[in-house]
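A.B. asks: Structure provided below as C-alpha cells; questions to follow.
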Amino acid sequence: MRKEKKLSVKKQFNEAILYLKESKKYIYCSILIFLIGILFGIIFKDNLSFLDSKLKELILKSVSLNPLERIFFILQNNLQISIFSIIVGIFFGIFVMLICFYNGIILGYVVSKYTSSLTDLWRLIPHGIFELPAVFISFGLGIKLGFSLISKNKTFKENLYSSANTLLLVIIPLLIIAAIIEGLLIFFVS
C-alpha cells in the first residue's frame, strides 16, 4: 500500500513536470509580460508614487512579526497570487496577464525607487530564485487555462487538473522555500 502511494506521488510529480514542459510558451509569455511591467515601473516611477502607500501598508503588516509569522505571511501572500492567477485564467487569461504586468510594475518601481546599490538588489535575489519561477509558472498556467477554453488541443478539465497537480507538487513547495528564505533573511538582515 505504501509503495503504491509512493509510485502514485512520483507519477503525479512526473505528470506535473511534463505539464510544465508543455506549458513553457505560456510561462515564457508571463515572464515577458512581467519584464515589460518592470520596464514600465522603472520608466514611469515618477507617476507611480501612489504605490508608496500600498508598500508601506505591506511593510507595516509584516514589520512586527516574528520570523515564523513572517514566513507564513509571505507564504500566504504568494499562495494567494499563485492560486488566484490559476483560477482567474478561466477568463481567457486576460486578468492573469494584467496581474502579471501589475506585479512587474511594482517590482520595477521598487527597484528604481528604493534600491541604491547592488547590495540592495542582491537582497532581492535569494528568495526570488524560488519565488519568481513559482509565480511565473502560476501566471503561465493561468494564461494556458484561459486559452484552453478556446483551444482544441486538451480539454479545459484536463488542463485544470494538470494545473492543480502542478500547483500542489511544484508551485507550493517552491513558495514554501521562498517564504522561509525571505522570512529568515529579513529577520537576520534587520
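Bear in mind these aren't lab numbers, they're just calculated from the coordinates by the rules spelled out. Note that this is a predicted model, so its numbers are computed, not measured. When we count neighbours, we look across all protein chains shown, and the Cβ atoms used for this are built from the backbone with ideal geometry, even at glycine.
A.B. asks: What is the spin-label model distance, in nm, from Leu58 to Leu149 if the labels are put 7 Å beyond Cα along the C-beta direction?
C.D. replies: 2.7 nm
A.B. asks: When the dipole is taken about the Cα centre of region 17-189, and only Lys, Arg (+1) and Asp, Glu (-1) are charged at their Cβ, what size is it in debye, to the nearest 20?
C.D. replies: With Lys and Arg at +1 and Asp and Glu at -1, about 420 debye.
A.B. asks: What's log10 of I(q)/I(0) for region 1-108 at q = 0.11, 0.20 Å⁻¹, Debye sum over Cα points only, no solvent?
C.D. replies: Rounded to two decimals, the profile gives -0.54, -1.15.
A.B. asks: Right, next: If a paramagnetic tag sat 7 Å from the Cα of Glu158 along the Cα-Cβ line, which residues of region 16-33 would have the backbone N under 19 Å from that point?
C.D. replies: Once the point is set 7 Å along Cα→Cβ of Glu158, 16-27 turn out to lie under 19 Å by backbone N, inside region 16-33.
A.B. asks: Give the shape of region 53-112 as rounded, prolate or oblate, defined through the alpha-carbon gyration tensor: a ≥ b ≥ c are the square roots of its eigenvalues, a/c under 1.5 means rounded, and otherwise the shape is prolate if a/b is larger than b/c and oblate if not.
C.D. replies: Oblate, because a/c is 1.5 or more while a/b does not exceed b/c.
A.B. asks: Let me ask another. Projecting each Cα onto the charge dipole of the chain (Lys/Arg +1, Asp/Glu -1 at the beta carbon, about the Cα centre), which of Leu75, Ile43, Ala134 comes out farthest on the positive side?
C.D. replies: Farthest along the dipole direction, towards plus: Ala134.
A.B. asks: Work out how far the C-alpha atoms of region 17-189 reach from end to end along every principal axis, then list the three figures in whole Å, largest first.
C.D. replies: Dimensions of region 17-189 along the principal axes of its Cα atoms: 48, 36, 25 Å.
A.B. asks: Once the dipole of the chain is set up with Lys and Arg at +1 and Asp and Glu at -1 on Cβ about the Cα centre, which of Leu65, Leu55, Ile86 lies farthest towards its positive end?
C.D. replies: The listed residue farthest towards the positive side: Ile86.
A.B. asks: Just to confirm the filter: which chymotrypsin sites (Phe, Trp or Tyr not before Pro) across region 1-105 are DSSP coil and have at most 15 other Cβ within 10 angstrom of their Cβ?
C.D. replies: Sparse-neighbourhood loop chymotrypsin sites (Phe, Trp or Tyr not before Pro): Phe44, Phe50, Phe91.
A.B. asks: Taking the simple approach of a point 7 Å from Cα along Cα-to-Cβ for both Asn165 and Asn77, what is their distance in nm?
C.D. replies: 3.3 nm
A.B. asks: Continuing with this model, one more query. Measure off 7 Å from each Cα along the Cα-to-Cβ vector at Ile129 and Glu15, then give the distance between these two points in nanometres to one decimal.
C.D. replies: With each label point 7 Å from Cα toward Cβ, the separation is 3.1 nm.
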